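Q: Quick one: the structure is below, and I'll ask about it shortly.
The values are calculated or read from the model by the stated rules, or taken from the named source; none is laboratory data. Please read all numbers here as calculations on a predicted model, not as lab measurements. Cβ sites come from the backbone with ideal geometry, for glycine too, and all protein chains shown count toward neighbours. Heads up: the accessible areas ignore ligands, DNA and RNA and are worked out on the full protein's heavy atoms, side chains in. Shrake-Rupley method; radii C 1.70, N 1.55, O 1.52, S 1.80 Å.
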Amino acid sequence: KTTLLKLREIIKTTKNDTIKPWALYNEAILSQELKANSENVLAKKFKQIHTTYPNTDFGIASAYKSAQLSKENANQAKSSYINYLSYAPNGKFSLNSIEELDKMNVYFSLNDYETIADASYANERYQSALKYYEKTIFSKNWYKISKCYRGLKNKEQEKLTIQKGLSL
């Protein structure tokens, strides 16, 4: 509890953009562990950290944490997982994010499918990547699709994909 109080003090007094995201993230994590805040409050904290510091490691990790805590609102959770995957396609939580997105019954845009496919590809989950690339625009992603077939050692399908892509 003392650490939590000290972190809150640091957050109030520091103006340093290197220290502040660290302090905010660790304060939120510690609040979660000590159950000092409700899940809704924590989800808002993590979302704020991600919004304020989107290009920092703590901002990226906060997108994932926000998604985890947004269980009631599937669209908000989807958005947070997609944000996380767009910033860190092969990050620490990317496979968990992809699994959670697989379970969701929400609307995915073409960009969402592409982000999930790119993250699957970055993690060498070629079959999963192909499943999502099939739902995107072929002319935009044919090269990545051919790379998936290469990863699956399906040379014939890779060749056909390249020929179809080049003919465009």
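Q: Under the condition of being surrounded by 20 or more Cβ atoms within 10 Å (Cβ to Cβ) and of a type in the set (A, V, I, L, M), which residue from segment 101-121 is farthest from S167 (Cα to Cα)?
A: The qualifying residue farthest from S167 (Cα to Cα) is L101.
To keep it simple, each residue is scored yes or no on (1) at pLDDT 95 or above; (2) out of contact with any Pro (no Cβ under 8 Å at 6 or more places or on another chain).
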{"residue": "Y87", "(1), (2)": "no, no"}
{"residue": "N90", "(1), (2)": "no, yes"}
{"residue": "L95", "(1), (2)": "no, yes"}
{"residue": "E99", "(1), (2)": "no, yes"}
{"residue": "K103", "(1), (2)": "no, yes"}
{"residue": "Y107", "(1), (2)": "no, yes"}
{"residue": "Y113", "(1), (2)": "yes, yes"}
{"residue": "A119", "(1), (2)": "yes, no"}
{"residue": "R125", "(1), (2)": "yes, yes"}
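Q: I want to confirm something. Restricting to segment 54-73 and keeping residues that are open to solvent by less than 10 Å² (accessible area, probe 1.4 Å) and polar (S, T, N, Q), which single residue is farthest from T18 (Cα to Cα)?
A: Here the residue is S70.
Q: Right, next: Quick check on segment 122-129. Is at least one of its residues of a type outside the set (D, E), open to solvent by 100 Å² or more (accessible area, probe 1.4 Å) and closer than 17 Å to L85 by Cβ?
A: yes
Q: Go through (1) under 28 Å from I49 (Cβ atoms); (2) part of a helix (DSSP H, G or I); (3) of a type outside the set (V, I, T) and name the single condition E156 misses.
A: The one condition E156 does not meet is (1).
Q: Within segment 63-94, track down each residue that is within 19 Å of L110 (Cβ to Cβ) and assigned to a loop (DSSP other than H, G, I, E, B).
A: P89
Q: Looking at (1) open to solvent by less than 30 Å² (accessible area, probe 1.4 Å); (2) over 22 Å from Y149 (Cβ atoms); (3) under 12 Å from the mean Cα position of the chain (by Cα); (4) of a type in the set (S, T, Y), which is the one condition that is false for S79?
A: Evaluating S79 over (1) open to solvent by less than 30 Å² (accessible area, probe 1.4 Å); (2) over 22 Å from Y149 (Cβ atoms); (3) under 12 Å from the mean Cα position of the chain (by Cα); (4) of a type in the set (S, T, Y) leaves (1) as the failure.
Q: Here is a further query. For the subset of segment 33-42 comprising residues that are in contact (Cβ under 8 Å) with a residue 24 or more places away in the chain and open to solvent by less than 60 Å² (accessible area, probe 1.4 Å), which member is nearest to Y113 (Cα to Cα)?
A: Selected residue: L42.
Q: Would a scan of segment 43-53 turn up a residue that is touching a Pro at 6+ places or on another chain (Cβ under 9 Å), open to solvent by 40 Å² or more (accessible area, probe 1.4 Å) and under 17 Å from I10 (Cβ atoms)?
A: Checking segment 43-53: at least one residue is touching a Pro at 6+ places or on another chain (Cβ under 9 Å), open to solvent by 40 Å² or more (accessible area, probe 1.4 Å) and under 17 Å from I10 (Cβ atoms).
Q: Regarding segment 140-162, can at least one residue be identified that is open to solvent by 30 Å² or more (accessible area, probe 1.4 Å), β-branched (V, I, T) and touching a helix residue (DSSP H, G or I) at 6+ places or on another chain (Cβ under 6 Å)?
A: Yes, segment 140-162 contains a residue that is open to solvent by 30 Å² or more (accessible area, probe 1.4 Å), β-branched (V, I, T) and touching a helix residue (DSSP H, G or I) at 6+ places or on another chain (Cβ under 6 Å).
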